[in-house]
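A quick write-up on the structure given underneath.
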Amino acid sequence: MPIEDQVLHENYYAYVRLAASLILLTVGAAGWYSSIVVLIPVLQEFDVSRSMASIPYMSTMIGFGFGGILMGRISDRIGVMLPVLFGGVSMGTGFYIASLSTTFLQLSLVHGVLIGFFGMSTTFAPLVADISHWFNRRRGIAVAIVISGSYVAGAIWPPTIQHHFDTIGWRDTYLGLAWICFAAMTIFGFLLYQRFGGNGGDDVNESPETSKRPLGYSSGRLQSLLCVAGIGCCAAMAMPQVHIIAHAVDLGFSAMRGAEMLALMLGCGVVSRLASGVLSDRFGGIRTLLLGSGLQAAVLVLFLPVDTLTGLYLVSALFGLSQGGIVPSYVIIVRTYFDPGSAGERIGTVLLFAMIGMALGGWMAGALYDLTGSYDAAIVNAIAFNIMNMVIAGMLLRRVVAVKQMSA
């Protein structure tokens, strides 16, 4: 039964829910990182090009993105528990079938449909939108904590998966992931039994005109700008995240060192995501988005000259510290300028385009590598997409300032 926000808003159960959501997102992200770490085994077993080997990752991200809209819409109407439980079954089944794959196409389809569309999608947009209803004064940090699950997962899953790939093979590792995802998502999914029936505890600080036309835009236009911005930031973000292991191997280091770089990158991303939550609570999502985007662009430039082991570790850490707050900023922007009742669907839509950006960026980096024999062109391409994101964030910030001046 739904409950009113004044009863449980930011109380003990809200924090239990916060912890469960963090764990669920961390577990669900196994589908994401397995599709990255499996790139080298796929190259070797199926004898495909670097860009082709990125397709399991690409299909996972696209399935994850489209599934997020569907699961967000369902969660807006019936709550998040049942979608999460269904996602646990789907991920368990998906990893099991993937472990038995005999063709590259079969592996890619399983990643896209069972692991991405029906599985991972239940652990991101629905959980992030849901937790935003349970917190008001600390909404930014609450959202950041839950989304940090994807980066906690990044610190845990890549070296763990790579270690088991090296010792027992990728197929047996996938079989183990099937049981882990099913068990964990079932156990912690049941903790989300309660539905929030209030208004999300929103402090509506926009005027009625701003609420109907957020920042002077129609709702559709603002949503579209956020979607394009999501493509820009995440296409840029994908290049290091998807290809750092392969990049390290190309420079003469082991795949395990590359997995450690990815873990370091994403572990540092947890720090920046939590910091972004504090910044969002104080300065708003749009300013936090522009700051994160600018820092990400600056660190991407540093990948061009670095080719030493120590340098790669350092730049990976800096990249994590720079960009972790970008995606949580979109959630805060949506919750600030749109109706809370459509939060799951709208956040899922923005994240769809962010995932399209991740998928596109990962594939383009592989394609540019195949064309040029190095990742330099891919890094420049990532910087160009990042600039597109900064332009949109700058436009939105100008609108924020203009609206405040008009209402003063």
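In summary, helices (runs of 4 or more DSSP H) completely within segment 109-199 and bearing 2 or more residues that are closer than 30 Å to Glu45 by Cβ and more than 20 Å from the chain's Cα centre (by Cα) occur at 149-168, 170-189.
Just one of the listed residues (Gly284, Gly294) is touching a residue at least 60 places away in the same chain (Cβ under 8 Å) and closer than 24 Å to Asp376 by Cβ, and it is Gly294.
Conditions (1) surrounded by fewer than 18 Cβ atoms within 10 Å (Cβ to Cβ); (2) of a type in the set (Gly, Ala, Ser); (3) within 16 Å of the chain's Cα centre (by Cα); (4) part of a helix (DSSP H, G or I), marked per residue:
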{"site": "Gly65", "(1), (2), (3), (4)": "no, yes, yes, yes"}
{"site": "Gly68", "(1), (2), (3), (4)": "no, yes, yes, yes"}
{"site": "Met71", "(1), (2), (3), (4)": "no, no, yes, yes"}
{"site": "Asp76", "(1), (2), (3), (4)": "no, no, no, yes"}
{"site": "Val84", "(1), (2), (3), (4)": "no, no, no, yes"}
{"site": "Gly88", "(1), (2), (3), (4)": "no, yes, no, yes"}
{"site": "Leu105", "(1), (2), (3), (4)": "yes, no, no, yes"}
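If only one of Ala297, Ala238 is among the small types (Gly, Ala, Ser), on the phi < 0 side of the Ramachandran plot and either buried (at least 24 other Cβ atoms within 10 Å of the Cβ) or not in a helix (DSSP H, G or I) (or both), which one is it? None of the others qualify; the one that does is Ala238.
Please go through segment 309-352 and pick out each residue that is among the aromatic types (Phe, Trp, Tyr), part of a helix (DSSP H, G or I) and surrounded by fewer than 24 Cβ atoms within 10 Å (Cβ to Cβ).
Filtering segment 309-352 down to residues among the aromatic types (Phe, Trp, Tyr) leaves 313, 319, 330, 337-338.
Imposing the further condition that a residue be part of a helix (DSSP H, G or I) reduces the set to 313, 319, 330, 337.
Passing the criteria: Tyr313, Tyr337.
Look at (1) in contact (Cβ under 8 Å) with a residue 24 or more places away in the chain; (2) crowded, with 24+ Cβ neighbours inside 10 Å; (3) closer than 22 Å to Gly176 by Cβ and you find that Leu100 fails only one, number (2).
I'm checking my understanding of the structure. Among residues of segment 259-299 that are of a type in the set (Ser, Thr, Tyr) and closer than 30 Å to Val38 by Cα, which one is modelled with the lowest pLDDT? Top of the filtered list is Ser272. Of all the residues in segment 38-63, those that are outside any helix (DSSP H, G or I) and over 21 Å from the mean Cα position of the chain (by Cα) number 3. One residue stands out among those in segment 354-384 that are under 18 Å from Leu289 (Cβ atoms) and crowded, with 24+ Cβ neighbours inside 10 Å: the one that is modelled with the lowest pLDDT, which is Met355.
Selection of segment 23-37 for residues being closer than 17 Å to Gln162 by Cβ, within 15 Å of the chain's Cα centre (by Cα) and among the hydrophobic types (A, V, I, L, M, F, W, C) yields Ala29, Ala30, Trp32, Ile36.
For segment 175-188, does any single residue satisfy the condition of being closer than 25 Å to Leu100 by Cβ and of a type outside the set (A, V, I, L, M, F, W, C)? Show your work before the answer.
Initial filter on segment 175-188 (closer than 25 Å to Leu100 by Cβ): 175-186.
Those left that are additionally of a type outside the set (A, V, I, L, M, F, W, C): 176, 186.
Taking every residue of segment 175-188 in turn, at least one turns out to be closer than 25 Å to Leu100 by Cβ and of a type outside the set (A, V, I, L, M, F, W, C).
The values are calculated or read from the model by the stated rules, or taken from the named source; none is laboratory data. This one's a predicted model, so the numbers in the text were calculated from it and none came from an experiment. Using ideal geometry, Cβ is built from the backbone for each residue, glycine included, and neighbour counts are taken over all protein chains shown.
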